[in-house]
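Structure record follows, encoded as structure tokens.
The values are calculated or read from the model by the stated rules, or taken from the named source; none is laboratory data. Just so you know, these numbers come straight off a predicted model, no measurement behind them. Ligands, DNA and RNA are excluded from the accessible area calculation, which covers all protein heavy atoms including side chains. Shrake-Rupley method; radii C 1.70, N 1.55, O 1.52, S 1.80 Å.
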Amino acid sequence: MLSKVISAAYLMLWISSCAAAEDPYMTRALQLMSETPLIDGHNDLPWQLRIRFNNELNKVDLNTLDTTHTNIPKIKEGRLGAQFWSAFVPCDSQYKDAVRQTLEQIDVVHRMCQKYPETFMFATSSHDIMTAFSMNKTASLIGVEGGHSLDSSLGTLRLMYQLGVRYLTLTHSCNTPWADNWLVDTGADPSEHNGLSAFGKQVIAEMNRLGMLIDLAHVTQAVMHQVLDMSAAPVIFSHSSAYSVCPHKRNVPDDVLRRNETRGIVMVNFYNNHLTCSNTANLSDVADHFDHIKKVGGAGIVGFGGDYDGVGRLPEGLEDVSKVPKVVAELLRRGWSDVDVKAALGNNLLRVLSQTEGVRDGLRDKSPDDVPIPYDEVKNTCRTSYGYQTPNTGAVHSLSTLGLLLTLALHAVIKLSNS
């Protein structure tokens, strides 16, 4: 059975190669993708494994699974060099079992790599991505989608980093006790922190210290600017598009695109509603977002963040991960240079991750932040208060603020030295 699947995968590659021979832009696209890894910022296959199979990988074969946007033959046909797999759990798990469920999503990514070692290589660094690419494997990294997965704990953040998590999306579609989500900008949710709380700024500083990418894909514009003001490392938008092309609050406005102090990256989302603000879209609509981000912020800040298996509506012609080379060919057709295409494919993300690792290395002598969030900010019926010296929670908050100011001063020095 496996030999038949492998034969089918090679047949698909042969067919796509024949099609490329008829299209010089596709021929060039596939050549560039053989030289530079396509790195995608967000894929929700792990969530599909939970809701369809309760994470029982023994009940599914990714070589033959045909009900998802992503499987192994589609990955190979799409030339996927590296993928940030999303460890996502819904907002209704907040204050309940979000940490447990997130750990289970992290676990399923590890097990996926172990079950299919010929296809996936677990990765945690820019070096690992290039090693996997040289071995013709898909580098598999983890991003946690939503700060609610931390349960407002810096210790949990650190442990997730140790388990291989390399980005945290600060919020999903709900506020956390320390950050506002994008729905605040629509008026659907109230602002609780005017962006980030004092503890939220501690989270940013600790992520810089760890070398974890800060993902702003689901936050308010206020949070975007606050993080850009304070982070010593570049930021990412793992699956967002351009607000000026489609004025959806999940997209990135031009003033943020222009703020290029740390040269972050916006990884274009393929969800129709974020491309055209409607239920339909096509390949040209996707390329329009790449063009706009490049025009406003430069070719150095754009990448791919398809959101496959996390959305229900995708552009015509881009129905699954096998189709992504069509986007590369379209960019070439529009006059993008080879250098700019390679930047969008993977070089931009490699640079951002490498620079974030450099910030981490520069902070290696800094101790972990062990000042907890004030208990009054997280008090609920499901949470105990062991360790908090109530009612002196205000003293804890003051220590937190002092530590934050010292950290920000250090980051400002680093930014100046790198500019």
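To the nearest ten degrees, helix 221-230 and the longest principal axis of the Cα atoms of the chain are 80 degrees apart. Computed over the Cα atoms of segment 258-332, the ratio of the radius of gyration to the Kirkwood radius (Rg/Rh) comes to 0.97.
Dividing the summed -39500 (n - 2.57) terms of all DSSP H runs of n ≥ 4 by the residue count of the chain sets its mean residue ellipticity at 222 nm at -13500 deg cm²/dmol. In the chain, the longest principal axis of the Cα atoms and the axis of helix 2-21 are about 80 degrees apart. Rolling a 1.4 angstrom probe over the protein heavy atoms with all chains in place gives the chain an accessible area of 40 Å² per residue.
Convex hull volume per residue, computed on the Cα atoms of segment 69-131, equals 103 Å³. The apolar share of the surface of segment 36-195, taken as the fraction of accessible area on carbon and sulfur atoms (1.4 Å probe, ligands and nucleic acids excluded), comes to 51 percent. For segment 153-166, the Karplus equation 6.51 cos²θ - 1.76 cosθ + 1.60, evaluated at θ = phi - 60°, returns couplings of 10, 5, x, 5, 4, 5, 5, 5, 4, 4, 7, x, 5, 10 Hz by residue, with Gly and Pro reported as x.
Across the cross-link table entries K74/K201; K76/K295; K59/K137; K137/K201; K249/K294, which are compared at the Cα atoms, the separations over 28 Å belong to K74/K201; K76/K295; K137/K201. Relative to the first principal axis of the alpha-carbon coordinates of the chain, what is the inclination of helix 283-297, with its axis defined by its Cα atoms, in degrees from 0 to 90 and to the nearest 10? Approximately 50 degrees, to the nearest ten. Each 10 Å bin from zero holds the following percent of Cα-Cα pairs in the chain: 5, 23, 33, 25, 11, 3, 1, 0. Taking the protein heavy atoms of segment 245-380 in the context of the full set of protein chains, the accessible area attributed to carbon and sulfur is 44 percent at 1.4 Å.
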